[in-house]
1. Which residues, taken from the stretch 56-97, are closer than 23 Å to Gly135 by Cβ and charged (D, E, K, R)?
2. Of all residues in the stretch 58-71, which are assigned to a helix (DSSP H, G or I), in contact with a Pro (Cβ under 7 Å, 6 or more places away or on another chain) and either of a type in the set (Lys, Arg) or surrounded by fewer than 20 Cβ atoms within 10 Å (Cβ to Cβ) (or both)?
3. For the stretch 132-147, which positions are in contact (Cβ under 8 Å) with a residue 40 or more places away in the chain and either open to solvent by 20 Å² or more (accessible area, probe 1.4 Å) or not in a strand (DSSP E or B) (or both)?
4. When you look at Leu134, is it of a type in the set (A, V, I, L, M, F, W, C), over 13 Å from the mean Cα position of the chain (by Cα) and more than 18 Å from Gly66 (Cα to Cα), yes or no?
5. So which of Asp197, Asp209 ends up being over 19 Å from the mean Cα position of the chain (by Cα) and modelled with pLDDT under 60?
6. If Arg167 satisfies all but one of (1) within 18 Å of Ile75 (Cα to Cα); (2) of a type outside the set (S, T, N, Q); (3) at pLDDT below 90, what's the number of the condition it fails?
7. Could you check Lys74 against (1) modelled with pLDDT of 90 or more; (2) buried (at least 20 other Cβ atoms within 10 Å of the Cβ); (3) of a type outside the set (Asp, Glu); (4) within 24 Å of the chain's Cα centre (by Cα) and say which number it fails?
8. Mind listing whichever residues of the stretch 26-43 are in a helix (DSSP H, G or I), of a type outside the set (A, V, I, L, M) and surrounded by 16 or more Cβ atoms within 10 Å (Cβ to Cβ)?
Amino acid sequence: MLFKNLREEIDTVIAKDPAARSRLEVVFCYPGFHSILFYRVAHWLWVRKWLLLGRFVSHLGRLLTGIEIHPGAKIGRRAFIDHGMGVVIGETAELGDDCTLYHGVTLGGTTWNKGKRHPTLGNGVVIGAGAKVLGPVVVGDGARIGSNAVVVKDVPAGATAVGIPARIILDEQDKSREEKAAKLGFSAYAVTSKAEDDPTAKAVQGLLDHSLDLDKRIELILKEIEALKAEKDSALSASRWGDRKVAGK
């Protein structure tokens, strides 16, 4: 019962990391996968009130993987922690299904008071390397947090948050960039920041915009070719019909 979704956890790594070449490689060489296993055991102990033992198992996982997940946290299915070194997930944090966290991510608290003090992530959330999500904020389904962002307010479903403190990106140009980035393999790292002062980010944005423009031009060219082809076919059909009429006379 404890490991009933073990194969699913392994397949998640295979699906999300192109560097993973086999299930055996995942089982033996992926600290993110190992940390989830330690968490599942620690959480199982925690909810059964074996608190000290749960913390001890969690501590062992931290020593072996460099990833600290409190056994009281709630993590859904198919969670993926890539690289993972330095990831911290607090006691009252909640993660939905299909969440992706990169190295250096912190789901932390902003108070010493007991109660809900850590973030809640919806399904399919992606958090880029080094990002911090602090306090009992809610990150909606499918949202993306850019690398090194510091999130202290709720993030709507499907939005992208970047910067310090994080701001929400919702305009159409950024959405187009995100869609193109997904096709090119960038969106997994949530690289959609405007980052006006970052020359690398500006260069990536320029490439994405140029690629989008080329896509639009190619689409127009293809439509013109189809129209010319249809016009040619129509002309050939009319010519053949005329030849038949002449032959019939």
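The values are calculated or read from the model by the stated rules, or taken from the named source; none is laboratory data. Because the structure is a prediction, the values reported are computed rather than measured. Because the Cβ atoms are built from the backbone with ideal geometry, glycine has one as well, and the counts that use them run over all protein chains shown. Heavy atoms of the whole protein, side chains included, go into the accessibility calculation; ligands, DNA and RNA do not. Shrake-Rupley method; radii C 1.70, N 1.55, O 1.52, S 1.80 Å.
1. Those that are closer than 23 Å to Gly135 by Cβ and charged (D, E, K, R): Arg62, Glu68, Lys74, Glu91, Glu94, Asp97.
2. none
3. Within the stretch 132-147, Pro136, Asp141, Arg144, Gly146, Ser147 meet the criteria.
4. Yes.
5. Numbers: Asp209 fails: modelled with pLDDT under 60.
None of the others qualify; the one that does is Asp197.
6. Answer for Arg167: the failing condition is (1).
7. Failing condition for Lys74: (2).
8. Correct list: Pro31, Gly32, Phe33, His34, Ser35, Phe38, Tyr39, Arg40, His43.
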